[in-house]
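Colleague: Attaching a single structure in structure tokens format; questions to follow.
The values are calculated or read from the model by the stated rules, or taken from the named source; none is laboratory data. Treat the numbers as computed from the prediction; the structure is a model and nothing was measured. As a convention, Cβ positions derive from the backbone with ideal geometry for all residues, glycine included, and neighbour counts pool all protein chains shown.
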């Protein structure tokens, strides 16, 4: 009796393909990830399969529109059923916080502080360099009146003994290896007498009122004196024939 055996040869992949690909992420913009592996492929965000309206997946690509802070800081990779994988290494350009009220007010002779803050771009040990420009568009140099204090996530311009002439549009610029971003801030320096204007206005009203009262009182006294000193001529009746 003979037994027939059928041997099926299965080819196993000895080594899975693992590659790294660099992508540039810019806050508020769009990014497209391409997974150049044999299909079908899957995309993963922070270790979980990418799902939801925020991700547009088609064949070998995944598109993310209007990148938010979380999108920029997430980790991404894709793989296929054969164990091949592509890790996306992210490069992040800096992006500064947008402040609703970018008008800063100061009083002449006092210190004025202007500050900018980084939303993304300093994470992952990225170093941020800061620059400030004055209202003339010139790079600010440190002097006895202008002082710049910076950290990776923020920068503050301090103006000592501020003057009205310091008023204008200032620009802060954050720079890292992958790009830069800037914000403009409007500074208005007012006279140190400005807080006194309401008080001085009230005093002025009292002075004007007192002057008017004195004027009318003096005028009334002169009129009374005039009538007292005036000689009146008696009326003489004349008979007419």
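Colleague: Can you tell me which residues in segment 98-113 are within 17 Å of the chain's Cα centre (by Cα), touching a residue at least 40 places away in the same chain (Cβ under 8 Å) and either part of a loop (DSSP other than H, G, I, E, B) or farther than 15 Å from residue 165 by Cα (or both)?
Modeller: Selection gives 98, 99, 102, 103, 113.
Residue-wise test of (1) outside any strand (DSSP E or B); (2) surrounded by 18 or more Cβ atoms within 10 Å (Cβ to Cβ); (3) modelled with pLDDT under 95.
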| position | (1), (2), (3) |
| --- | --- |
| 115 | no, no, yes |
| 123 | yes, no, yes |
| 126 | yes, no, yes |
| 130 | no, yes, no |
| 141 | yes, no, yes |
| 148 | no, no, no |
| 156 | no, no, no |
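Colleague: Answer yes or no as to whether residue 83 is in the same structural domain as residue 161 (by TED's automatic domain parsing) and touching a strand residue (DSSP E or B) at 6+ places or on another chain (Cβ under 9 Å).
Modeller: No, not satisfied.
Colleague: Moving to a separate point now. Name the residue that is farthest from the chain's Cα centre (by Cα), counting only residues in segment 74-96 that are free of Cβ contacts under 8 Å to residues at least 60 places away in the same chain and surrounded by fewer than 15 Cβ atoms within 10 Å (Cβ to Cβ).
Modeller: Checked segment 74-96; the qualifying residue farthest from the chain's Cα centre (by Cα) is 81.
Colleague: Something else now. Would you point out the residue of segment 20-31, among those that are in contact with a strand residue (DSSP E or B) (Cβ under 6 Å, 6 or more places away or on another chain) and surrounded by 12 or more Cβ atoms within 10 Å (Cβ to Cβ), that is farthest from residue 97 (Cα to Cα)?
Modeller: My answer is 21.
Colleague: Still on this structure, I have one more. Given the condition closer than 28 Å to residue 24 by Cα and either part of a loop (DSSP other than H, G, I, E, B) or in contact (Cβ under 8 Å) with a residue 12 or more places away in the chain (or both), answer yes or no: does some residue in segment 163-171 qualify?
Modeller: yes
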